[in-house]
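Read the structure below first, then the notes.
Laboratory data are not the source of any read-out in this text; all were calculated from the coordinates shown. Here the structure is a predicted model, which means the values were calculated and not measured. All Cβ positions, glycine included, derive from the backbone under ideal geometry; neighbour counts span all protein chains shown.
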Amino acid sequence: MKRSERERQSQQPTLPTHGAPTLPSVEVESYNVEIEDEEGFLGDRASKGAFRDILEDVRKTLRAAGKDPLGDTSSDALSKKDLHDLLIKGEAEAAAVVHSATEHFAQQLAAVIKRFLRLRAWRDLECIAVGGGFRASRVGELAIARAGILLKSQDIGVELRPIHNDPDEAGLLGAAHLLPGWMLDSHDAILAVDVGGTNIRAGLVRLNLDKAKDLSKAAVHDMKLWRHGDEDEIKRDDAVEGLGDMLSALVKESKSERLRLAPVIGIGCPGLIEEDGSISRGAQNLPGNWQSSSFNLPSAIRAQIPRVRDHETTVVMHNDAVVQGLSELPYLGKAKRWGVLTVGTGLGNASFSRRRKARR
């Protein structure tokens, strides 16, 4: 598409559309990019699993030389809190093991970012926000900070920073930015969903538009969490039914608290989201086959929550990294182009540019 045509389209009023490249405030330049080289997929080197593999490699070296300061607990079994405590309160050798793994992971993260910055849609980004579950740990924060230092030492000017909101909430808060302002006016809250490879979250998001029109004061009023990654042989339809139950409970809660709930559900989901709401690729970490031609998540959710406050329910879905990146909108200052990486079961990614305001 020619630039003038793209600009003309970007100035048209936007309506909620699944996987839309043009959103009310931004253009989605790219998302769900998969880069592969002779060593495999680039994103696999900057995921939670990659950090655990690095930690295990450090420990294997120590075991071969004598003793592992972290004991017999497997690297996969160490929780975020365990790693945090080892860094802050642990013996020097144990803390050094975690520091070593963090440093190695930071180097891999910086290398992955450098490769992304070679893409046309990622060139000249002013900042990159890092979200996902890994960012919620002290180890994750240190890795992000160290990767940022490594990039600066190589004269790469992009600012690397942790995503502003708690990553468990960012994937819910960003859903409000999928919708044009007129759909939110006169409402107190919306329903939002964040589907991940380990967790599924459903949230009641208070908009607080009376405090800030830019949604900077939006907050998660309540959240339901299902850790499907801890269970065996979860079927896709069971996951969707469980999600419907969580949303139904939140609808009841909004009624009991007399919140004016908008008849809209915003969903962030891994993969490449088509205009009809199907997922064409990238959902391999979800339970069951979510890429089947006979499955449509927005339609399945609408069937379970057909009406909200006597209005037909509108469901809009986009990639989960896109939705997390949208949550950063109120905190970007004057930045015109930015990106997001979500470090979780996989590495989610998206890049954005601000839309030009439509002229009168």
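So if we plug the beta-carbon distance of Ala145 and Glu231 into 1/(1 + (r/R0)^6) with R0 = 35 Å, what FRET efficiency do we get, rounded to 0.05?
Numbers: r = 34 Å, r/R0 = 0.98.
The value I calculate is 0.55.
Quick query: amide H of His18 versus all other amide H atoms, modeled in the peptide plane; which residues come in under 5 Å with a sequence gap of 5 or more or a different chain?
Met317
Pairs Lys152/Lys217; Lys80/Lys217; Lys48/Lys217; Lys80/Lys152; Lys67/Lys89: which exceed 21 Å Cα-Cα? Don't jump to the answer; show the numbers that get you there.
Numbers: Lys152/Lys217 32 Å; Lys80/Lys217 28 Å; Lys48/Lys217 30 Å; Lys80/Lys152 28 Å; Lys67/Lys89 19 Å.
The pairs that break the limit, which is 21 Å between Cα atoms, are Lys152/Lys217; Lys80/Lys217; Lys48/Lys217; Lys80/Lys152.
Where nothing but the Cβ of Lys and Arg (+1) and of Asp and Glu (-1) is charged, how large is the charge dipole of the stretch 88-136 around its Cα centre, in debye to the nearest 20?
Working: 7 positive and 5 negative charges, 80 e Å.
Once rounded to the nearest 20, the dipole reads 380 debye.
Note the per residue figure in Å³ for the convex hull of the C-alpha positions in the stretch 33-110.
Details: hull volume 8.2 nm³, N = 78.
Normalising the Cα hull of the stretch 33-110 by residue number yields 105 Å³.
Divide the volume of the convex hull of the Cα atoms of the stretch 102-167 by its number of residues and quote the answer in cubic angstrom per residue. Intermediate results must be reported in sequence, preceding the final value.
On the way: hull volume 5.1 nm³, N = 66.
Given the Cα convex hull of the stretch 102-167, per-residue volume reads 78 Å³.
Using the scaling law 2.2 N^0.38 Å as the reference, what is the normalised Cα Rg of the stretch 37-162? Before the final figure, lay out each step's value.
On the way: Rg = 15.4 Å, N = 126, 2.2 N^0.38 = 13.8 Å.
Rounded to two decimals, the normalised Rg is 1.12.
Which three extents, in angstrom, do the Cα atoms of the chain have along their principal axes, listed largest first?
Extents along the principal axes, in whole Å: 68, 46, 42.
Can you list the lysines whose alpha carbon sits under 27 Å from that of Lys211, skipping same-chain ones fewer than 8 residues off?
Here the lysines satisfying the reach criterion relative to Lys211 are Lys224, Lys252, Lys255, Lys334, Lys336, Lys357.
Roughly what % of DSSP beta bridges within the chain run antiparallel, to the nearest 5? Before the final figure, lay out the partial values.
Values: 33 of 53 bridges.
Counting DSSP beta bridges with both partners in the chain, the antiparallel share is about 60 percent.
Give the order of Trp122, Trp226 when sorted by the count of other beta carbons within 10 angstrom, beginning with the fewest. Provide the component values of the computation, followed by the final result.
Values: Trp122 21, Trp226 17.
Ranking Trp122, Trp226 by Cβ neighbours within 10 Å, fewest first, gives Trp226, Trp122.
In whole Å, what are the Cα extents of the stretch 206-360 along the three principal axes, biggest one first?
49, 39, 32
Nearest 20 debye, what's the magnitude of the dipole of the stretch 165-233 about its Cα centre given +1 on Lys and Arg Cβ and -1 on Asp and Glu Cβ? Please report the intermediate quantities before stating the final value.
Values: 7 positive and 13 negative charges, 81 e Å.
About 380 debye.
Calculate how steeply helix 236-256 sits against the longest principal axis of the alpha-carbon atoms of the chain, using the helix alpha-carbon long axis, and give the answer as 0 to 90 degrees to the nearest 10.
Rounded to the nearest ten degrees, it is 60.
If you place +1 on the Cβ of every Lys and Arg and -1 on the Cβ of every Asp and Glu, how big does the dipole about the Cα centre of the stretch 166-327 come out, in debye to the nearest 20? Could you put the intermediate results ahead of the total?
Details: 17 positive and 25 negative charges, 101 e Å.
My answer is approximately 480 debye.
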